[in-house]
Every structure is written in structure tokens, then in C-alpha cells.
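Working notes, beginning with the structure itself.
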Amino acid sequence: MARIIVLGAALGGLQTALLLAQDGHQVTVLERDPQPPPSDAEPAWSRWPRPGIAQLRQTHLPLARWLQLAEAHLPDLVREMTAAGAVRLNVLAPEPAFRGPPTAGDERFDTLAARRSLLESVATRVAEGAGIRIGRDTVCRGLRSSPGPRTSYGGASGDRVPLVTGVETEAGGATADLVVDCTGRRSQLPSWLRDIGVPCPVDESGRRGFTYYSQYFRSADGAMPTDRFPLVVEHGSLGLLRIPADHGTYSVCLIGRSDDRQLRRALRNERAWSAAVRLFPGADSWLDGQPVTDGIQIMAGLTDRKRPLYDSQRPLVAGLVAVGDAWAITTPTVGRGLAMSLQHSLLLRDALRQTGTAHPVELVTRFAEATRDGLGRIYEQTAAHTRHRLAEMDAHTAGIPYRNPDWSRAKALALLARRDTDALRAERAAAHLLPGAREALRAPALADAVTRLLPEVEQHMPPGPSRADLLKAIEG
Ligand SMILES: Cc1cc2nc3c(=O)[nH]c(=O)nc-3n(C[C@H](O)[C@H](O)[C@H](O)COP(=O)(O)OP(=O)(O)OC[C@H]3O[C@@H](n4cnc5c(N)ncnc54)[C@H](O)[C@@H]3O)c2cc1C
């Protein structure tokens, strides 16, 4: 069994550590932030200093796929999260288009709704309970390496792939058979690699992104507003998320383009923010709760970025892998980060089962291939969604329609899903990355129904404010 260092003790790193420890590996987690999470939900939310997770107090909801994977592979984690107050939420149930009762199989749309701080607090407790050592206040500053084994990659027999043999921290160094970077969206991996002479991996980032303007509330009676509500509305140049969470809390989040200066100036102001939320039909009652965040929480630059550690022919480095956001971040508007991260950890676990660490080049090659096959398409599809949505927002701001055949089909499917429960199931299954969803979308009857709606899509945007109404409300 291998000695493994996992960098980063947030959910991604802790899930990875748990999965690898279950297989008997000796896992140590190193975390830059000093404070462990309080075990109770309220202090974890209001008093836990956690600069390492910038998005801790931002709107979060894991996909249903995350819950499926977690129940199958980390059942203790799900049980403890539920016991701590995470709410089982069926993502079909609140949708206005959903006409019940639920049918057999609808439970695959369940997920766990909770503030991210609760998920973190429980994951820490479960990891420590499993005997995983978490070294806090330990900032990784770089990598230890050796020239690595000779390989015959790309036909160039005798080439060496540099081998990472451990990490350097402010407290000294540590050696490992494998280093797993789970340091998230702000991972310093490119500069660590440069320092050991490995060319910086290509950063395939989308240049533009979204900004979240969010607030969490607590309802007076501990219940959600009872009207049906779509969890996500993408309308014109603004989007709205309404996401239930634990202990009677929920979040309301406006989404704009990061380069939309008019919104950026206005939406940090609570009056303007509330006025913009009210423009979405049915959103009024969501403002009745007691705020539990300190004003509007803003996070900008939310986009897609991927860092492959494998060029077209061979791995850039062995003894090191990047998992979750350290490998690829996706725009949070589609909520895929936690599900992709857990799936990625499982791919690593399986690659380790098949190859072990005795053959480090084979291990990273196998993992890179599994990543490409298992998550590459999801990443590309998410990045395409971001590009289309940003273009649609631009067009709406300029007062012109955005026309693109792929986007029109996606919009026609969304329109159908607002009218028909089975189409809603198919559309949500794809959005939640559920197995079999792609095949369901290709079913001829559904594909024909989508095609028939294409002429209508321009006239049937989800309900929301026009640009003129929006500017009047937030600037008034
Ligand atoms: C605004 C926003 C909203 C989101 N909403 C959703 C959602 O609804 N659903 C969803 O599934 N996903 C969502 N995501 C994505 C999700 O937050 C990420 O996918 C997830 O946080 C990845 O977890 P992680 O553990 O890989 O990284 P992170 O959560 O970023 O954690 C990184 C960890 O590494 C530590 N660290 C950093 N540098 C070092 C270092 N040098 N040495 C040691 N430790 C270090 C940090 O302190 C931290 O603990 C959202 C993201 C954002 C930004």
C-alpha cells in the first residue's frame, strides 16, 4: 500500500483521502488553513475563518449524481451529513412543470441540500474518525522531485518523466509515493511544476465568466416558501438561483456576467439586489427570511479552466496527480464541481487499484486516460454551455437575439421541460449527470418534440425581467 499526501482538506481532498484510506493506503492530508471546523452547523457557518475556500458562503447544491456516488462509496459521509441537518431534496419536486406523484426511479433525482460549511464540518469529522491525519496550518510551497524512470514514450526510448517524491512546506518537507493536489481553484501547481523544471501545463481557460451575487436567509418557520419554484432560471442578462439548505436556511443568488459593469456597480447594494430579485415572478417571498450572511456575497470570475498534466504523447510528470478543481473548474451555475470532483477521486482510486504506485508513469497515464474518458466530455460540454450563455447574455444586453443551432436545441429542450414532466425528467437527468441521460435525450420521440419547438424558442424565454426593467429597478 502507498504513502499518499493529499493537499487540501476541503470536501474534494477529504473525499479523496477517505476513498484511498478505505483501500488501505496511508493517507496524510495537508491543509493551509489553521482552524478546524466547529462541529455545530451554526458556528461552522458564522464563525469559521476559512480563507482557503473562497466560495464557502456561496450558494451550493451538489448534483444528484454526487449523492448517488457518495451513497455508493462513502455511505458514512451521507449518513453523518443527514444526521447533522442536510436535507434530502428531490430536484424535480419544486419545479413548476413537475406533475406528481413521483414514479419509481424518481429517487435518482435526490440530492443533499446544505450550506457548504455543514458539508465541510461533517467531512472533516468523518475523515478524522477514519484515522486520517490532517496537518493544519501547513502551506505547501513546492514539490520534491527526482529525474524519474526512463520510459519509451512517444517512441523516444530513454526519455525521463520527472518524478515527484514529496512536497515542501513551511514546516519542512514530506515524502510520498503519490502526491494528490486537491488545492482547488487557486492551486499553485503550474508554479510548483515550473520550479522543478516541468513546463507549465496549458491552462485552457475560458476568458470570460460569471459573477455570483448571493445571500443566505433563514425562514421564520424553518420551512421553504411553499410555492413551486424553479431552482435555476436563466433569463436575459441575469440568472436566478433559489436553493434550499439545512436548518431552515436557503440562498438566493443573482448571476450576471463578470464584465457587466452596470450590474456590478449596482448589485452590491442590498436595495438594488432585492429589487432585481423581485423582478422574477414568485421570488418575492424568498426575501421574507432573516438574512444569515453579512450583506451580499459577491464572487466574480467564475469560469471554466482545465490543467491537463498529459500532453499529446506522454505525462508531463509522474508521482503527482491533480484532482477536482485543481484539475478542472467548471462554472458553478451548472453545479457540477462536487460531483465531478468525487467522480475524479473514484477514477484515481481505481487507477491505483489497477496499477499501484510501483509503476508511477503507468499510474499517471492510466489516470489521465480515465480522466479524459470519464470527465473530458462533461468538461467540454460545460465550457460550451458557458460560451453560449455568455453570448446570450451579451445579445440580450445589446437588445438583439442570440441565434445558434446548438443553443436553440438546448433552449427548446428547456422549454419542453417546462411543459412536460417526462421531458423534465430527461432534461434534469442530463443536467445532473445521471447514468443513461444522454441515451434518453436521443430517444426519437423526444428529439422530434424538441425539433418541433425550435421555431418557438425565441418567444418563450423563462419568466424574468427585460434589460430596461432591470436597469430601471436597480438604478431607481
Ligand atoms: C461560487 C461558487 C459556487 C459553487 N456552487 C457549486 C454547487 O452549487 N455545486 C457544486 O457541486 N459545486 C459548486 N461549486 C464548485 C465547488 O465549490 C468546487 O468544485 C469544490 O469546492 C472543489 O472542492 P476542492 O476540495 O477540490 O477545492 P476547494 O474547495 O477550493 O478547497 C481547496 C483546499 O485546499 C487548501 N489549500 C489551498 N492551497 C493550499 C496549499 N498551498 N497548501 C495546503 N492547502 C491548500 C484550501 O485551504 C482548501 O481547503 C461552486 C464554486 C463556486 C466558486
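A short reminder: the numbers here are calculations on the coordinates, not readings from a lab. Only a predicted model underlies this, so the values are computations on that prediction, with no experimental measurement involved. A quick note on method: Cβ atoms are made from the backbone with ideal geometry, for glycine too, and the neighbour counts reach across all protein chains shown.
With each run of n ≥ 4 DSSP H residues scored as -39500 (n - 2.57), what mean residue ellipticity at 222 nm is computed for the chain after dividing by its residue count and rounding to the nearest 500 deg cm²/dmol? All intermediate terms of the calculation are to be shown ahead of the outcome.
Details: 16 runs with 174 residues, N = 476.
So the calculated ellipticity at 222 nm is -11000 deg cm²/dmol.
Give the average over all directions of the projected area of the C-alpha convex hull of the chain, one decimal, in nm².
On the way: hull surface 90.8 nm².
The directionally averaged projection comes out at 22.7 nm².
What is the sum of charges around Pro199, taking Lys and Arg as +1, Asp and Glu as -1, for the other residues whose C-beta is under 13 Å from the C-beta of Pro199?
Details: positive: Arg194, Arg307, Arg314; negative: Asp195, Asp203, Asp311.
In short, 0.
What is the local net charge at Ala326, summed over the other residues whose Cβ is closer than 13 Å to its Cβ (Lys, Arg +1; Asp, Glu -1)?
Values: positive: Arg185, Arg186, Arg305, Lys306, Arg307; negative: Asp181, Asp203, Asp325.
Every neighbour counted, the sum reads +2.
With the alpha-carbon atoms as the only input, what is the per residue convex hull volume for region 403-463 in Å³? Don't skip to the answer; put the middle values down first.
On the way: hull volume 5.1 nm³, N = 61.
In region 403-463, the Cα hull volume divided by residue count equals 83 Å³.
If R₀ is 25 angstrom, what is the calculated FRET efficiency for the pair Ser466 and Ile298, using the beta carbon separation as r and rounding to 0.05? Display every interim value, and only then the final one.
Working: r = 24 Å, r/R0 = 0.95.
In this case the efficiency is close to 0.60.
Can you give the charge dipole size of region 24-116 about its Cα centre, rounded to the nearest 20 debye, using +1 on the beta carbon of Lys and Arg and -1 on the beta carbon of Asp and Glu?
On the way: 11 positive and 11 negative charges, 58 e Å.
Its charge dipole is roughly 280 debye.
Rounded to the nearest 0.05, what FRET efficiency is calculated for Arg218 and Arg99 with R0 set to 35 Å and r the Cβ-Cβ distance?
Working: r = 30 Å, r/R0 = 0.87.
Plugging the Cβ-Cβ distance into 1/(1 + (r/R0)^6) gives 0.70.
Measuring from label point to label point, each 7 Å out along Cα→Cβ, what is the Gln26 to Glu107 span in nm?
Roughly 4.1 nm, to one decimal.
With 5 Å bins from zero, work out the P(r) of region 210-302 over every alpha carbon pair and list the percent per bin.
Pairs per bin, as whole percents: 3, 14, 28, 26, 18, 8, 3, 0.
With charges only on Cβ, +1 for K and R and -1 for D and E, what is the dipole size of the chain about its Cα centre, in debye, rounded to 20?
740
So what's the gap between the Cα centers of region 340-412 and region 448-468, to the nearest angstrom?
26
With the Cα gyration tensor of region 217-365 in hand, convert its eigenvalues to equivalent ellipsoid semi-axes via √(5λ) and list them largest first in whole Å. Working shown, then result.
Numbers: eigenvalues 336, 72, 28 Å².
Square roots of five times the eigenvalues give 41, 19, 12 Å.
If you put +1 on each Lys and Arg Cβ and -1 on each Asp and Glu Cβ, how big is the dipole of region 136-209 around its Cα centre, in Debye rounded to 20?
Working: 10 positive and 9 negative charges, 46 e Å.
Charge dipole, region 136-209, about its Cα centre: 220 debye, nearest 20.
Normalised by the number of residues in the chain, what is the relative contact order in percent for Cα pairs under 8 Å and 6+ residues apart? Walk me through the numbers on the way to the answer.
Working: 902 pairs, mean separation 87.9, N = 476.
RCO, the chain: 18 percent.
For the chain, with the dipole built from +1 on Lys and Arg beta-carbon atoms and -1 on Asp and Glu ones, taken about the Cα centre, which of Leu118, Gln297, His344 lies farthest toward the positive end?
Of the listed residues, the answer is Gln297.
So if R0 is 45 Å, what FRET efficiency would Glu170 and Ala130 give, r being the distance between their Cβ atoms, rounded to the nearest 0.05?
Working: r = 27 Å, r/R0 = 0.59.
Efficiency for this residue pair is about 0.95.
Along each of the three principal axes of the Cα atoms of region 343-476, give the extent in whole Å, ordering the values from largest to smallest.
64, 41, 22
Spin-label point model (7 Å from Cα, Cβ direction): what's the Asp373 to Arg403 distance in nm?
4.2
Please compute the modelled spin-label separation between Ala447 and Arg387, points set 7 Å along Cα→Cβ, answer in nm with one decimal.
2.3
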